[in-house]
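Trainee: There's a structure below that I have some questions on.
The values are calculated or read from the model by the stated rules, or taken from the named source; none is laboratory data. These numbers were taken from a predicted model, which means no experiment stands behind them. All Cβ positions, even for glycine, are placed from backbone atoms using ideal geometry, and neighbour counts span all protein chains on display. Note: accessible area is taken over every heavy atom of the protein model, side chains too, but ligands, DNA and RNA are not part of it. Shrake-Rupley method; radii C 1.70, N 1.55, O 1.52, S 1.80 Å.
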Amino acid sequence: MFHKINLLNFDRLKMKEFFRSIGEKSFCADQVMIWIYHYFCDDFNKMTNIKITLREKLKNISIIKTPKFIKKYYSIDGTVKWIVNINNHIVETVYIPEKSRGTLCISSQVGCVLNCHFCSTGQQKFNRNLLVSEIIGQIWIAHKKINKMKNYPSITNIVMMGMGEPLLNLNNVVTALKIMSDNFGFNISKKKITISTSGIVPALNKLSNIIDIKLAISLHASNDELRNKLMPINKKYNISLLLMTVTQFLKKSKINKKGITIEYIMLHNINDTLLHAQELVKILKNIPSKINLIPWNSFSNSKFLCSKFSQIQKFSNFLINKGFITTVRKSRGQDIHAACGQLTGIISHQIKNSNI
Ligand code: SAH
Ligand code: SF4
């Protein structure tokens, strides 16, 4: 069967190659990208500055196809979560509006193989990597939906902190990052796009040679013994190897000049004592970084508890006193299971406020 080519899978270079391969001039790639990413147009008939014969040709061989958003949940704090249908599998996209910015948290895989014990995505089976069109499609549709919502800021920031480990889907993620940041794509500054990773060392090395993008490392523990227990990937790439790789990454990166983000979940009586904070200070002393403490978000059947607020404050003050910029992440969208680590891709009938 003949499959039409989905143009949402191409960054600018690949789009140009595609146009040349069908005997057309490569500048048509720029024109089509502007229609897709600046005017959010998926109908070749409406691309009026493109000659009619080319439009007909494109209609015959290609398509602009995004995944479908099939359900939407509103949080009382303004966060919106969309359930996205990916060929009958489900991922989630979360929009977090603030006064002057709108952050979109997107998924890169259906499920995750890495099985971090504190993460609900990790507790479900891995299904597959998302295609470029499925990663980019989340932004494309979310933009259209948000545009119709009154008084919501448009998307200014993207975080790859949804379902999946982005560095285990490196090729598609990199192509998607290029489309996000390209002037002819979504034209979002690379300073406003963050990739969060549990630390896949070889992929991090590769990434640093391909694209400069904001980096967040999910550290979550201050020593290997503890990290091995929480994040099985640490047995393959331990803390010192990971931090050495981050140091190399930083040497090549302009965007992370001020430092990367270290994500650290706060788990009651597990990683939240001042001894852990002391260890953290030691291992991070040569890594320009700011530390983002994340109050752990619960999900069903999990054995963890979130640290007490007072303990998070103590931990944070200790790090600040040692000279680290330290913030505590505000948990958004908990009532609709849209907060970090709560994304499962399961449509919950218990969540109020749902709306198709
Ligand atoms: N796989 C990537 C990105 C997705 S997870 C990564 O691990 O970095 C995004 C962030 O949410 C990561 O820092 C992750 O460790 C954190 N997270 C996972 N489960 C969580 C939970 N239950 N509560 C709070 N944060 C969680
Ligand atoms: Fe995967 Fe990240 Fe969850 Fe770990 S925290 S299981 S790497 S999504």
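Trainee: Restricting to the stretch 91-131, what's the tally of residues that are surrounded by fewer than 23 Cβ atoms within 10 Å (Cβ to Cβ), of a type in the set (A, V, I, L, M) and within 20 Å of ASN6 (Cβ to Cβ)?
Mentor: Residues that pass the stated criteria total 1.
Trainee: Would you confirm, using the coordinates I've provided, whether VAL132 is under 12 Å from the mean Cα position of the chain (by Cα) and at pLDDT 95 or above?
Mentor: Criteria not met by VAL132.
Trainee: Another question, then. Step by step: first the residues of the stretch 200-250, then only those that are open to solvent by 20 Å² or more (accessible area, probe 1.4 Å) and either assigned to a loop (DSSP other than H, G, I, E, B) or touching a Cys at 6+ places or on another chain (Cβ under 6 Å) (or both), then the one that is nearest to SER181 (Cα to Cα). Which residue is that?
Mentor: ASP212
Trainee: Now a separate question. Which residue out of SER120, SER62, SER133, SER100 is among the polar types (S, T, N, Q) and within 16 Å of ligand 1 (Cβ to nearest atom)?
Mentor: Unique residue meeting the criteria: SER120.
Trainee: When you go through ILE158, ILE141 one by one, which is the residue that is β-branched (Val, Ile, Thr), surrounded by fewer than 19 Cβ atoms within 10 Å (Cβ to Cβ) and under 25 Å from THR79 (Cα atoms)?
Mentor: Numbers: ILE158 fails: surrounded by fewer than 19 Cβ atoms within 10 Å (Cβ to Cβ).
Answer to the selection: ILE141.
Trainee: Another question, then. Taking ILE262 as the residue in question, decide whether it is touching a Leu at 6+ places or on another chain (Cβ under 6 Å) and within 16 Å of ligand 2 (Cβ to nearest atom).
Mentor: yes
Trainee: Inside the stretch 54-72, can you point out the residues that are among the aliphatic types (A, V, I, L, M) and in a strand (DSSP E or B)?
Mentor: Of everything in the stretch 54-72, those that are among the aliphatic types (A, V, I, L, M) and in a strand (DSSP E or B) turn out to be ILE63, ILE70.
Trainee: Inspect all residues belonging to the stretch 150-171 and state whether any of them is in the same structural domain as ASN129 (by TED's automatic domain parsing), more than 26 Å from ARG329 (Cβ to Cβ) and aromatic (Phe, Trp, Tyr).
Mentor: Checked against the condition, which is being in the same structural domain as ASN129 (by TED's automatic domain parsing), more than 26 Å from ARG329 (Cβ to Cβ) and aromatic (Phe, Trp, Tyr), the stretch 150-171 yields no hits at all.
Trainee: Cβ-Cβ below 6 Å, separation at least six or inter-chain, first residue in the stretch 5-18 and more than 17 Å from ILE63 (Cβ to Cβ), second part of a helix (DSSP H, G or I): which pairs?
Mentor: Qualifying pairs under 6 Å: ASP11/THR175; ASP11/LYS178; ASP11/ILE179; LYS16/ALA29.
Trainee: Turning to a different aspect of this structure: Would you check which residues across the stretch 184-199 are of a type in the set (Ser, Thr, Tyr), within 30 Å of VAL32 (Cβ to Cβ) and in a strand (DSSP E or B) and list them?
Mentor: Correct list: THR194 only.
Trainee: Please go through the stretch 15-29 and give me each residue that is within 28 Å of the chain's Cα centre (by Cα) and crowded, with 16+ Cβ neighbours inside 10 Å, ordered by number.
Mentor: Scanning the stretch 15-29 gives MET15, LYS16, PHE18, ALA29.
Trainee: Mind checking which residues of the stretch 301-318 are more than 16 Å from ligand 2 (Cβ to nearest atom) and either closer than 15 Å to TYR264 by Cα or outside any helix (DSSP H, G or I) (or both)?
Mentor: The answer is LEU305, SER307, LYS308, PHE309, GLN311, ILE312, GLN313, LYS314, PHE315, SER316, ASN317, PHE318.
Trainee: Against the conditions (1) in a helix (DSSP H, G or I); (2) modelled with pLDDT under 95; (3) not basic (Lys, Arg), where does GLN31 fall short? Just the number, please.
Mentor: (2)
Trainee: If a residue must be in a helix (DSSP H, G or I), open to solvent by 50 Å² or more (accessible area, probe 1.4 Å) and not acidic (Asp, Glu), how many such residues does the stretch 268-279 contain?
Mentor: Of the residues in the stretch 268-279, 3 are in a helix (DSSP H, G or I), open to solvent by 50 Å² or more (accessible area, probe 1.4 Å) and not acidic (Asp, Glu).
Trainee: Another question, then. Does ILE325 satisfy the condition of being open to solvent by less than 30 Å² (accessible area, probe 1.4 Å) and in the same structural domain as THR121 (by TED's automatic domain parsing)?
Mentor: Working: open to solvent by less than 30 Å² (accessible area, probe 1.4 Å): no; in the same structural domain as THR121 (by TED's automatic domain parsing): yes.
So ILE325 does not fit the description; no.
Trainee: Still on this structure, I have one more. Counting just the residues of the stretch 163-199 that are open to solvent by 10 Å² or more (accessible area, probe 1.4 Å) and at positive phi, which one comes out nearest to ligand 1 (Cβ to nearest atom)?
Mentor: GLY164
Trainee: Could you tell me how many of the residues in the stretch 253-267 are at pLDDT 95 or above and open to solvent by 50 Å² or more (accessible area, probe 1.4 Å)?
Mentor: Selection size over the stretch 253-267: 1.
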